[in-house]
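Undergrad: Structure provided below as structure tokens; questions to follow.
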Amino acid sequence: MKTEEKKIICNCCKKTIREENGIPREEFLHVEKEWGYFSGKDGERQEFDICEACYDKWVKSFQIPVQTIEVTELV
Ligand SMILES: [Zn+2]
């Protein structure tokens, strides 16, 4: 179903993800989580979007660095 145009905004810095014809022109991270019984948020669904700059800052705060796997570009 087509709803009114919904912008993708980084939840961390409020930057708008550039889109052309509804296709994101910038990479970003979309997270969706439905919390279950063992959490304090049972039955809650949360989602957010993070731009690449904030993602980089975020993962740098990790105690264990993210695993990076080189993928062959398919352009
Ligand atoms: Zn951001």
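Undergrad: Of these, Glu47, Glu34, which one is open to solvent by 70 Å² or more (accessible area, probe 1.4 Å) and within 16 Å of the ligand (Cβ to nearest atom)?
TA: Glu47
Undergrad: Further question on the same structure: Go through (1) in contact (Cβ under 8 Å) with a residue 12 or more places away in the chain; (2) of a type in the set (Asp, Glu); (3) part of a loop (DSSP other than H, G, I, E, B) one by one and return the number of the condition Asp49 breaks.
TA: (3)
Undergrad: Going by the conditions given, is Asp56 within 13 Å of the ligand (Cβ to nearest atom) and touching a strand residue (DSSP E or B) at 6+ places or on another chain (Cβ under 7 Å)?
TA: no
Undergrad: Right, next: Cβ-Cβ under 8 Å, sequence separation 6+ or interchain: first residue in the stretch 5-19 and touching a residue at least 24 places away in the same chain (Cβ under 8 Å), partner loosely packed, with under 11 Cβ neighbours inside 10 Å. Which pairs?
TA: Ile17/Lys7; Ile17/Arg25
Undergrad: Oh, and also: Consider the stretch 28-64. How many of its residues are touching a helix residue (DSSP H, G or I) at 6+ places or on another chain (Cβ under 7 Å) and not aromatic (Phe, Trp, Tyr)?
TA: Here the count works out to 2.
Undergrad: Which of the residues spanning the stretch 1-15 are at pLDDT 95 or above and either in contact with a Phe, Trp or Tyr (Cβ under 6 Å, 6 or more places away or on another chain) or loosely packed, with under 12 Cβ neighbours inside 10 Å (or both)?
TA: Within the stretch 1-15, Asn11, Cys13, Lys14 qualify.
The values are calculated or read from the model by the stated rules, or taken from the named source; none is laboratory data. What you see is a predicted model, and the numbers here were worked out from it, not measured in a lab. As a convention, Cβ positions derive from the backbone with ideal geometry for all residues, glycine included, and neighbour counts pool all protein chains shown. Keep in mind that these areas ignore ligands, DNA and RNA; they rest on the heavy atoms of the full protein, side chains included. Shrake-Rupley method; radii C 1.70, N 1.55, O 1.52, S 1.80 Å.
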